[in-house]
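Encoded as structure tokens, the structure appears first; notes follow it.
Every number here is computed from the coordinates shown, using simple stated rules; none is lab data. Predicted, not measured: the structure shown is a model, and the values here were computed from it. Positions of Cβ are generated from backbone atoms using ideal geometry, with glycine treated the same way; all protein chains shown enter the neighbour counts.
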Amino acid sequence: MIRTKTDCLISGASWRVFGLSTVIATILLIVGLNSAPYAAPKAVDIPPPAWLKDEPLVITGNWDSMPIFRRRVGGNTTWQEDEYRKEWTEETVGKLKDLGVTMEVIHFYKGFGLAAEKQHIGEATKLAALLHKYGIRVGTYIGSTIAYETFLAEQPDAAEWFVPDFLGRPVFYDNQTFRKRVYFMHPGYRAYMKRVLRLAVEDLKADEIDFDNTSMQAEPPIFLHPLAVEDFRRYLQKRYTPEVLTRRFGFSEMRFILPPRYDRPLTVIDDPLFQEWADFRCHQLEAYYAELATFIRSLNPNVAIATNPHSGISGRNTVWDQGVDYPGLVRSMDIVWTEEGNEAGVSSDGVLISKIRTYKMATTLQKRVLTYTAGSRGGKLQMAESMAYNRQGLGMIGGGLAGYDFPHDQQKYVDFFHRNFADYRSVENVADVAVLHSHASMGFNNDLPWQSAMLLEQALIQASVPFDIIFDDNLRDLSRYKVLALADQECLSDEQLQLIRNFVRGGGGLVATESTSLYTEWRERRRNFGLNDLFRVTAPPWRGLHVPEEILPGGPVRTDLGRSRVVYIPEIKPALAKPPSMPMTSKYWKLPLNWLELISELRWAAGGSFSLEIKAPVTVTSELLETAGRLSVHLLNYNAERQPEVDGIELTLKVPAGRIVTSVDLLSPDDDRTQQLHYTVMGQAVITRVPPINIYSLIRVSLL
């Protein structure tokens, strides 16, 4: 149910007079007397609008140029407002159409208030009509902070939404201190946001709603709001029976539980309160967006919905740091932004950097990714990365004035994407290996699970092994994979262990490393590996709380079970180990020292070969896709800046049983020709040698 105004009688002034503890006590009394238990809506699967499944996604955008925001931020140019006005001229929109743009995300609501932003909203409505005139879809920017200096003049009771000081400091948006943060589940805030959304959908006729700052909405300080404290207590009471609460905490009385406060990075997260608080934050964020998504679709089912959790799968523990659990959050979304950085290329110390993991995460969850692609020195490679690993999207190729100065050499990539869109529409990836990111393993430990998973994925990427990143729910159906890879997935429930056993007993291969299955989903240590019956390896003795697990001596242990093969690997050996408690960011993605061994064991577990085998430098990556009547291999040269041409690449591709190869050809935005390739068929495999590639080549294998 939605809480009523009686839940929110305490004003911002009351906080200052009585202090936070008094406010919490008063609110708890009011809630206890005047409302039924609060039940947040759950995340729901909402089908995407039909147009999103059928159309290419090539976007531009500018949501920060309206004068009220620019003037308040400061540091502007004298011509800034001239360019703002230029963006909503017919000439500018016509140039975007000529460029190949299919959607523009425009300014709409920045958090100053509907009254303060009225003029800019009117200008956005005119721009939206002009974009629609040219057949360009319209995305509308929706911010999540409150520019309180103007907002409170329109909505004085919004002071109740603001998060109180955390660890003695106000909770603002970075260094923009005029933007306050709110507890997003406050009923007054949710009601106001629905007013904003109704205007965007009904008046502006938006095709897409673009929520920003998602990564900040469920950060730890937000949940020191008094209503969040009460919601947390109710969440625990609803989630568990008194008996389970007693087993979890030692007691079942939740009335005096408070969210934890801490001021240091954490390594492992053992405290049950910390674990439950992380899950609660994820739950609330998912519930908020589920509610708004349901509201948007009730107004117009053809509106797509995007959110910006910022980090993607980039080595950051988003569950703990941001309250973002991707499988849950994006269920109600169609599009997910990433601002992780990780621009495609090879670093000066030889690390291949990419957004491949984020794209693979979204593919598993059947979503699309938006990120900044063109316009920089590596724009062509970034667009190629999005074409190959994303689905039907080229990313954001520039701002509102992109049509005036778009790089000519990058225009070829936009044109190529449009011209060959049939090769990117309704495709499915072919994957032999599934790499599990279990919620408890990755959410409750900032160290070895992240290091091992990211390094195993790096080996798969650079060895061009077809793989997916999967999540807990995907364990229920692993039938499309040859091998399940568990890179230090230490926290697995009994149910998950049984699903893994079922996969192996059904003929699937298994490769596991380090402490996989040694802990329960609550991170309680088992006496032995939970999958000891498959590993045939005895766990090291427990050395005590907060002491890292011992690495078992020796090399990989293979077990041939007849229909299936199991490998236990004691350690994925980093070439550059990350410091404790720090994120596993790209500077640590150097290929592990034993990467060849890892690939060899995965190949053995897969039965001796993968669906795609490539002879190529480790700075060339691939993605194997299939459509009706065709297989396609996307090749990317991540080292193009230093090695602009790569020769001698050879592909061996397994062909589905009963299918016959009729032709193999190659297309590339780097070369206008379509080249017919010579190929050899050996049994169920087709072998071909690829002409020199520059940045990106697409090999198509037509089947009968």
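Of note:
- Compactness index (Cα Rg / 2.2 N^0.38 Å), the stretch 433-605: 0.94
- Counting only DSSP beta bridges with both residues in the chain, the antiparallel share comes to about 55 percent.
- The residues neighbouring V330, those whose beta-carbon lies less than 13 Å from its own, together hold a net charge of -2 under the Lys/Arg +1, Asp/Glu -1 convention.
- Equivalent ellipsoid semi-axes - Cα gyration tensor, the stretch 120-193, angstrom: 31, 14, 12
- Basic side chains Lys and Arg get +1 at the Cβ, acidic Asp and Glu get -1 at the Cβ, and with that the dipole of the chain about its Cα centre reaches some 940 debye.
- Once backbone amide H atoms are built at 1.01 Å from N, R526 has Y519, T520 as its partners under 5 Å, excluding neighbours fewer than 5 places away on the same chain.
- Hydrophobic, long helices, defined as DSSP H runs whose alpha-carbon span along the helix axis is 18 Å or greater and whose mean Kyte-Doolittle value is at least 0.0, occur in the chain at 20-34, 448-462.
- Test item: Cα-centred dipole of the stretch 612-703, Lys/Arg +1 and Asp/Glu -1 on Cβ, debye: 360
- Annotation: the residues D174, D321, sorted from fewest to most other C-beta atoms within 10 Å of their own C-beta, follow the order D174, D321.
- Gain in span if fully extended, R476 to R689, counting 0.36 nm per residue against the direct Cα distance: 72.8 nm
- Counting DSSP beta bridges with both ends in the stretch 433-605, the antiparallel % (nearest 5): 25
- A simple spin-label model places pseudo-atoms 7 Å from Cα toward Cβ; at A628 and S252 they are separated by 5.7 nm.
- GluC sites (Glu not before Pro) restricted to DSSP loop in the stretch 252-287 with at most 14 other C-beta within 10 Å: E253
- Distance distribution note for the chain: the fraction of Cα pairs above 37 angstrom is 42%.
- Cβ-based exposure ranking for R239, R261, in which fewest neighbours within 10 Å come first: R261, R239
- Neighbourhood net charge (14 Å Cβ-Cβ; Lys/Arg +1, Asp/Glu -1) for R558: 0
- Annotation for E550 and L593: the two label points, set 7 Å from Cα along the Cα-Cβ direction, are 2.0 nm apart.
- The amide H of I305, built 1.01 Å from its N in the peptide plane, has I209, D334, I335 as neighbours under 5 Å, considering only residues 5 or more places off or on other chains.
- The length gained by stretching the chain between E645 and D494 to full extension, at 0.36 nm per residue less their Cα-Cα distance, is 49.3 nm.
- Nitroxide proxy distance, nm - points 7 Å out along Cα→Cβ at L273 and E90: 6.5
- Within the stretch 286-344, trypsin sites (Lys or Arg not before Pro) in DSSP loop having at most 16 other beta-carbon neighbours inside 10 Å: none
- Pair-distance distribution of the stretch 612-703: all C-alpha pairs, bin width 5 Å, starting at 0; shares per bin in whole percent are 3, 14, 27, 25, 18, 9, 3, 1, 0.
- Fewest-first ranking of S632, S347, using other Cβ atoms within 10 Å as the exposure measure: S347, S632
- Other residues with beta-carbon under 11 Å from the beta-carbon of T145 carry, at +1 per Lys or Arg and -1 per Asp or Glu, a net charge of +2.
- Averaging 1/r across all pairs of distinct Cα atoms in the stretch 33-155 and inverting the result yields a Kirkwood radius of 16.8 Å.
- Integer Hz, Karplus 6.51/-1.76/1.60 couplings in order for the stretch 644-652, x for Gly and Pro: x, 9, 10, 10, x, 6, 10, 10, 10
- Theoretical ellipticity at 222 nm over the chain - DSSP helices of four or more residues, -39500 (n - 2.57) apiece, nearest 500: -9500 deg cm²/dmol
- Loop-resident sites, the stretch 535-621, for chymotrypsin sites (Phe, Trp or Tyr not before Pro), counting at most 16 other Cβ within 10 Å (DSSP): W542
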